[in-house]
Structure formats: structure tokens, C-alpha cells
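Visitor: Can you keep this structure in mind? I'll have questions shortly.
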Amino acid sequence: MGSKNYFSLLPPETSGQIFEDLDTGSMFNCLLVERQWCCEIVPLLWSSPLGVGKPNNAIGTFAQCFSPEEWNCLREKKIFKPRTLQVATFDYPSYLRVLNEESLWLDAAMWMFPKAKDPTRLTKLQNQKQTALFQVLLKLFFRQSKVLSKISIEQSFVGETSFWMEVRAPVKEIFKNLTHFESSTFQGFPYLIGILSETCRNIQHLYFKNADFRFGGYYVCGTIPDFKQIRELHQLIKLQKQILSFSIVENIENGNVDLLNNTISTIKGTLRSLSIRDIRLPTLIERLYPNLASFSNLRCLDLEVIASTLELNLNLITAEFSLENLECLRLCSLPAAVFELVSSFFTSVIRAAQKSLKFLSLSNGNISWEELSLDLTFLEIGDTNETKLLTLLKCLPKLERLYILGYVSRGSQFDTLWPSFPSSLRVFQIKHRYTLGIYKPFFTLKILQNFLTNSPNQFERLYLGNPFAATERTLLQWDNIELSCHQYGMHGI
């Protein structure tokens, strides 16, 4: 008597959830078990097939879904040599949920020019062929995708209004399901933004970026340059049911501050993540600060001040309020001299969230830690000194992860730091100290060895920025500790 397949008795929703929890390799193994499993797993595998770590033959498989007219068009442009037209087993584009133009561009370049050393630096002729293939792929996705919910548009790849006019009809249809929209800039996309405002009502995550920074599970950064585009943004946001996360780069003139502030205030009831980068105007901080108290659902806040001089009206930004639900906070000032001008503002925001705050990232650790009552588990700081580090360690008894990413001044060694580590600390990272062209160690090898010998079970990972000579590193071996002596970049929350 053959064994009964009880898995087949599960409803599709349950089996689908089980398959979603598998890694890609396991999915491919299950794909070959039986026809029903194959039909359930293929849509999951092809929901987001582009990007680093994804199968590199995805573009070739999508090409099998081109229409005969599209194949002929590409052949006439001498992009492909004549080949036998293969028919795809499944309608793969219809399963696409996530479309990132940058990933699509790079994957297509590597598929078309596999011998190219750098797919971002093609010849003029190669770039023309790449653009033609890229646009045909986009048209394929816009025509056949049925479940696309997240899209990232890069102006450098497709910024022509003529292209968006050509695909307007299918784009309007698939944009109805969008929940995530990400763009490198508003500039050059008036037609696309018009389609968004006309079609989308369910966008929950709205990003305008020119660089990626991971913060609390959200990608943040962006740019909105002028009044007209802020007004278009304001209109787009008003039409959405709820915006959960929003990020921009504030690079605007004084006259537009009120409109931008009103735009953010429009979504304060539902907003969970807010990022404003490149803040150059004190008026935006002064207008935004009183409204922070009404952001009742805010979980993640990222503010970055960039200016050589920033004169704040301290009377407007010292009012006491509470951010009861804020868990992740990043406060950054560039250059370092600006920190002294905004330290009181930063301290006020930290104090407002101190009851719920768990993750904190500061560009400078020189604040009055004694005045705060924090239960942080994660701390990332930039420039600081040994005295401040000793103070903050005493004030943060529950700290589990400490990342020191800037340069530490004053104090030739950090040997006095080790005994001050809270018992809860499991992960520690620090950069090397750079003085007069020489990388100097923070600790003596003997002190570090003694500390780890006396606290063998405390740490899981230690990242130390080139603190010892290569001949000494072989001595740094402890069981169950991931120890690295190389400099690490920005970790991020």
C-alpha cells in the first residue's frame, strides 16, 4: 500500500506559507517533487528574481516570454543573433511582485555581456543595445505582471516622458496594486507622478532617495528640489489611504518649508517611519519639532543635519513632549562642528523617546548621558572620547551591541574601557585610531587577552579595527567568539 500524501490535503494558503519560509535552494528541491508543488513554488521563486544573490539566468528565462514582434525588433537592431525561439514553461512575468530598475539593468547587462569586466561601464554601442533590451523587458513586465506591488525607479535608466507615455495604459493598471514606491528623484518624472496620483490609492511606503541606508528595517534617503514637486507630492500623499513610511532629502528653499511641513503633518496619524536627510534650514527643524509629539505611531525617526552654520531658535525646540512608541532613532550632523549647534535639539528628541527607545545611532557621542534614562540594547556612535564612553557605559546597563564608528580622541589606550563593559554586552565594534598618518591600536594585547580570559562567555562577536600586528593576531583565538581585526564600514540600525 502506497503512503498517503498528507501535504496535498493542506489548503493552498497553508502550504504556500510553508514554502515561503524555505530558502531558495530548498524551494528548488521541492520544485521537482511533484506537479502541484511546482505550480505553488514557481510564483514564489519568481516574485523577486532580480538582484545580488539571485539566479543569473532570470533574464534569459524572461526573454523566452517575449512576443515574436519583440524578438524581431531586437534582432533588427542586431542585439541578438538569429536563434530558435523557445517557449517559456510558465508565464514568469505575471508572478513579479518586486521590480527594481537598477537590479534589472545590471542583471540584463551581465546576461547580454557576460565577459564585460564591469557591467556599469559599457561602451557606447553596448549601452545602446542594453537600453533597447532594458526597455523591452520593462514593457514585458508592465504588460504581463498581475501582482506587482513594489517598484523602484531610477531616473538615470528610464527618465524619458516618451517612454512613460508609451506604457501609460498597462502602467495605470498595475500601479493600482502598488504599496511601495521608490525613486532616485522627482525631477524628470512629472508624467510618472501624474500617473501615480491618478491611479494609486494604496501606497504605504514612499521613498525618494539618492543613496541607500538601512535603518530599522526601512530604506531611507531622497531629494525633492522645488515647490512644484513638493506640491505634487502633497497631492499624491493626500490621495493615499495610509502612509506608513516616508523619506526625503530636504534640499529646498525657505519659502517651501511650510508646505513640506504640512505634507508631513498630513500623514502623522499613520506614519511609522520618517526620514529627513540633508537638513540645511533651521526653520524646518523649528516647524517640525512641535509636531513630533502628535506622531503617535512613529516607530523609526531619522534626521540628518548638514550645514556649516545652523542657528536654531532654542526657545522653539526645547518644549517637553513624549514619543511613547519610538524604538529606532538616528541623529546625524555633518560636518562634526555642527553637532555643538544641534546637540541640545538632539538631546531633547532622545529624552522624548527615552521610555521606549531601543536602537540609537548618533554621529557624535558627546551628549549628557547622565541626564537621560535609557534602556538601549543597540548603540552606534561616531566621534567621541574615552571619558564619554566610560560615562555612557555606566548609564546603559542593558546594552547588548556597541558600534563605535568614528575616531576616538584623547587617551592613548582603551585598556580602562574593558572593565566598564556591562555584562549584557555581546557585540562590540570599534575602528582603528588614526594619528599623524599612523594607525595606532586602542588596546594592548595583554590587556585584551586578560579580559577575554576572565570573561570567556560574554562576547559573541568582536570587530577590532587593525589593533595589532599581523604576527600577534594568531594569538587572538577564543572558542565561540567571532573575532575580526579588520575595519568595518557603517553598520546601520
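Visitor: What's the FRET efficiency of N72 with E320 using the Cβ-Cβ distance as r and R₀ = 56 Å, to the nearest 0.05?
Guide: 0.20
Visitor: Can you compute the FRET efficiency between K241 and K394 using 1/(1 + (r/R0)^6), with r the Cβ-Cβ distance and R0 = 51 Å? Round to the nearest 0.05.
Guide: 0.65
Visitor: Summing +1 for each Lys or Arg and -1 for each Asp or Glu, what net charge is found among the other residues whose Cβ lies under 14 Å from the Cβ of L326?
Guide: Residues near L326 contribute +3 overall.
Visitor: Between E34 and D258, what FRET efficiency comes out of the Förster formula 1/(1 + (r/R0)^6) with R0 = 45 Å and r the beta carbon distance, rounded to 0.05?
Guide: Efficiency at R0 = 45 Å is approximately 0.15.
Visitor: Taking every pair of distinct Cα atoms and averaging 1/r, then inverting, what Kirkwood hydrodynamic radius in Å comes out for the range 102-142?
Guide: 10.2
Visitor: Would you mind estimating how fast the range 348-399 diffuses translationally, via Stokes-Einstein at 25 °C and 0.890 mPa s with the Kirkwood radius over Cα pairs, in µm²/s?
Guide: My calculation gives 222 µm²/s for D.
Visitor: Rounded to the nearest 10 Å², what accessible area does H180 have for a 1.4 Å probe in the complete protein model?
Guide: Rounded to the nearest 10, the figure is 40 Å².
Visitor: Read phi for every residue in the range 100-105 and hand back ³J(HN,Hα) as whole Hz from Karplus 6.51 cos²θ - 1.76 cosθ + 1.60, θ = phi - 60°, with x for Gly and Pro.
Guide: 10, 4, 5, 5, 4, 4
Visitor: List the pairs from K146/K241; K78/K172; K78/K115 whose alpha-carbon separation is above 25 Å, in the order I gave them.
Guide: K78/K172
The values are calculated or read from the model by the stated rules, or taken from the named source; none is laboratory data. Fair warning: this is a prediction, and the values are worked out from it, not measured in the lab. When we count neighbours, we look across all protein chains shown, and the Cβ atoms used for this are built from the backbone with ideal geometry, even at glycine. Please note that ligands, DNA and RNA were not included when accessible areas were found on the heavy atoms of the full protein model with its side chains. Shrake-Rupley method; radii C 1.70, N 1.55, O 1.52, S 1.80 Å.
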